[in-house]
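The values are calculated or read from the model by the stated rules, or taken from the named source; none is laboratory data. Nothing here was measured: the structure is a model prediction, and the numbers come from that model. FYI the Cβ positions are ideal-geometry reconstructions off the backbone, even for glycines, and counts take in every protein chain you see. Heads up: the accessible areas ignore ligands, DNA and RNA and are worked out on the full protein's heavy atoms, side chains in. Shrake-Rupley method; radii C 1.70, N 1.55, O 1.52, S 1.80 Å.
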Amino acid sequence: MSGAALGLEIVFVFFLALFLLHRYGDFKKQHRLVIIATLLAWYLCFLIVFILPLDVSTTIYNRCKLAVNSSPAESNGSYVTLAPSKQKCFKPWSYIPDGIMPIFWRVVYWTSQFLTWILLPFMQSYARSGGFSITGKIKTALIENAIYYGTYLLIFGAFLIYVAVNPNFNLQWNQLQTIGIAAANTWGLFLLVLLLGYGLVEIPRSHWNGAKRGYLLMKTYFKAAKLMTEKADAEENLEDIMEEVRKVSESIKYNHPLRKCVDTILKKCPTEYQERMGRNMDDYEDFDERQNSYPSEKSLAKLHKQVIYSVQRHRRTQVQWQILLEQAFYLEDVAKNESSATRQFVHTFHSQEPENKIIQYFYTPTVEWYWECLLRPWFYRVLAIVLATFSVIVVWSECTFFSTKPVLSLFAVFIQLAEKTYNYIYIEMACFLTIFFLSICVYSTVFRIRVFNYYYLASHHQTDAYSLLFSGMLFCRLTPPLCLNFLGLTHMDATISHKNTQPTAYTSIMGSMRVLSFIADGFYIYYPMLVVILCIATYFSLGTRCLNLLGFQQFMGDSEMTSDLIDEGKELIRREKRKRQRQEEGENRRREWKERYGNRDDSTRSRAVHTDQKESSFSETNANRPLSKYTRSNGRTERDRIELLQDAEPLDFNADSVNDDPLELDSGR
């Protein structure tokens with residue numbers, strides 16, 4: 001069992017990352033390199049979160065083993081024992097042999113840093129580029145990232161020059177490496193606290209509000225009104241872009257050198273627009289002699305980029321609208337079935353997708369009624385209370401984890417109590433729940449935030465390549481400082497505990513932060529306290545109110561604009577519901593007609609087919625008899641037609657003037 005736990009978690013985390021990426025990405029339409037890069041970034045970040053508890057339990061066992069093997073005189077030397085030296089150490093079930101974890105963390109960490117700082121930004125520009133060749137896309141990506149990469153190189157070069165000139169500094173390669181890691185973790189910690197402060201409040205509140213009767217339905221109406229506006233905007237934008245494509249397609253004919261670029265743009269357009277803009281192959285134009293203005297390749301690349309973006313946005317809004325309609329219909333059914341006397345859940349519309357027979361057998365209408373109308377609100381309330389308790393513990397520990405005597409961080413208290421009895425299962429479970437809750441608060445915020453239309457993670461395979469790559473960048477930058485924060489909360493980081501104990505394998509690859517004392521003793525300790533201010537601001541919805549004042553409509557119960565949007569969304573849902581009912585009634589009438597008159601129509605159709613077969617066989621036998629009789633005359637007629645066509649003179653469409661007078665035509669002949 002030494003390495004079995006590590007192997008199982010590696011496989012489990014891979015399928016977890018693959019499942020989430022399949023939910024948000026589209027494996028069929030998106031580029032393979034985008035899928036692979038995003039999957040690798042998500043996988044490495046999730047892997048760090050799941051493997052770190054094993055590193056903690058292994059480190060505690062190594063400390064105990066070192067304390068037992070050392071004498072009392074040696075115990076005050078390089079390492080300080082945390083337990084009596086006479087106590088026997090028990091090897092944890094998930095023990096990882098020495099030498100594996102440092103190599104594992106080094107590969108995972110530096111691979112994630114290479115992805116987030118070099119590869120993923122380049123792939124973002126490559127994915128958004130409108131170039132028509134790989135070389136053109138690479139060139140565009142390099143130009144767009146020149147400022148991005150140049151800024152970091154300039155800062156790093158200035159720092160190296162300062163260190164080389166100043167005689168007081170004698171930095172080695174390991175210290176430079178530590179400074180680079182500290183800079184990356186500082187940037188990640190700055191963003192981590194912002195996202196964590198939002199998630200610690202919003203996640204428990206969203207579950208508590210989900211238990212309120214009618215709250216989710218009102219919020220769905222509000223979303224419907226906003227989504228309809230976005231949907232109409234996306235359709236209008238697509239129409240404008242398609243009009244530009246049509247003009248370009250009509251101006252650049254098939255003999256133009258840039259026609260291949262136009263064909264590439266047309267392939268990205270929806271099918272109905274491709275049928276309208278079918279190119280005219282019969283119209284040949286000598287573009288070299290005519291003084292027409294044609295668009296350049298650069299302008300076509302810009303148009304190509306706009307087409308990709310507009311089509312993706314239009315498709316996403318269409319899918320989201322259908323999903324929101326199903327959600328609204330279901331919530332209306334829940335509100336209607338709450339007062340049902342039969343205690344059986346009745347759906348207004350049948351599910352369009354076939355349901356699993358096993359689920360239908362256990363999840364009966366009666367079970368569904370009890371869950372949706374009785375148990376689910378109470379379950380959400382209990383879950384919200386548990387999550388709120390975890391949030392309070394996290395906020396308290398973030399403000400007091402720097403105190404070692406006495407130990408005020410509750411997570412450190414739990415780990416140290418379990419460390420005295422060497423209960424490794426409890427240690428791993430406590431570490432896993434702690435870092436898992438922190439990850440949920442941070443990662444869920446990444447999935448929820450939306451930066452206009454440039455970054456937006458949409459489920460049901462509607463996330464574009466740019467947003468997927470951007471999420472991979474955020475995960476790779478947030479995960480290392482998140483793990484360091486977790487180790488600080490549990491006092492497993494020597495920089496926080498101020499003890500000369502054996503560090504974990506994860507902190508060993510980070511190096512000693514004592515090189516930058518103002519970061520180790522200042523920023524890492526006092527900056528996380530700002531999470532209290534962010535939690536208070538989130539609780540009173542200060543960010544939501546500011547966005548509402550700036551014109552970005554947000555769901556607020558005491559706002560007049562929110563009430564208007566709820567009424568508008570309610571009317572939209574009612575309209576779509578009537579349309580769906582008319583469609584189902586029409587399908588039911590056609591089904592009843594087919595069931596009632598289907599047999600009669602089938603017998604009539606088979607009788608007609610049998611008669612047609614007889615007539616066709618009779619006509620074929622009669623047609624083969626006189627074929628030789630009329631073969632010569634038909635051949636002569638065909639030769640006469642060919643001679644007439646050859647004698648006809650071609651019309652000159654390039655003539656300066658065309659004479660339409662029939663009298664002059666006769667006289668000319």
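Please determine, by comparing only the residues of the range 238-259 that are closer than 11 Å to Leu303 by Cβ and open to solvent by 70 Å² or more (accessible area, probe 1.4 Å), which one is modelled with the highest pLDDT.
By that ranking, first place goes to Glu244.
Scan the range 549-574 residue by residue and report those that are open to solvent by less than 40 Å² (accessible area, probe 1.4 Å) and either at pLDDT 85 or above or of a type outside the set (A, V, I, L, M, F, W, C) (or both).
Scanning the range 549-574 gives Ser559, Thr562, Leu565, Ile566, Gly569, Leu572, Ile573.
Identify the residue in the range 1-21 that is free of Cβ contacts under 8 Å to residues at least 12 places away in the same chain and not aliphatic (A, V, I, L, M) and, among all such residues, is least open to solvent (accessible area, probe 1.4 Å).
Among them, the one singled out is Gly7.
Name the residues in the range 403-422 that are open to solvent by 70 Å² or more (accessible area, probe 1.4 Å) and not in a helix (DSSP H, G or I), would you?
Lys405, Pro406
Name the single residue, out of those in the range 438-455 being surrounded by fewer than 18 Cβ atoms within 10 Å (Cβ to Cβ) and part of a helix (DSSP H, G or I), that is farthest from the chain's Cα centre (by Cα).
Here the residue is Ile440.
Identify, by number, the condition in (1) in contact (Cβ under 8 Å) with a residue 40 or more places away in the chain; (2) outside any loop (DSSP other than H, G, I, E, B) that Met492 doesn't meet.
Just one mismatch for Met492, condition (2).
Looking at the range 369-402 only, could you name the residues that are assigned to a helix (DSSP H, G or I), among the hydrophobic types (A, V, I, L, M, F, W, C) and surrounded by 15 or more Cβ atoms within 10 Å (Cβ to Cβ)?
Trp369, Cys373, Leu383, Ala384, Leu387, Ala388, Phe390, Ile393, Val394, Val395, Trp396, Cys399
Are any residues in the range 307-319 out of contact with any His (no Cβ under 7 Å at 6 or more places or on another chain) and open to solvent by 30 Å² or more (accessible area, probe 1.4 Å), and if so, which ones?
Ile308, Tyr309, Gln312, His314, Arg315, Gln318
Does Phe50 satisfy the condition of being open to solvent by 20 Å² or more (accessible area, probe 1.4 Å) and either at pLDDT below 90 or within 17 Å of the chain's Cα centre (by Cα) (or both)?
no
Quick check, is Ser339 within 24 Å of Gln462 (Cβ to Cβ) and surrounded by fewer than 15 Cβ atoms within 10 Å (Cβ to Cβ)?
So Ser339 does not fit the description; no.
Of all residues in the range 534-563, which are assigned to a helix (DSSP H, G or I), touching a helix residue (DSSP H, G or I) at 6+ places or on another chain (Cβ under 8 Å) and farther than 30 Å from Phe190 by Cα?
Of everything in the range 534-563, those that are assigned to a helix (DSSP H, G or I), touching a helix residue (DSSP H, G or I) at 6+ places or on another chain (Cβ under 8 Å) and farther than 30 Å from Phe190 by Cα turn out to be Met561, Thr562.
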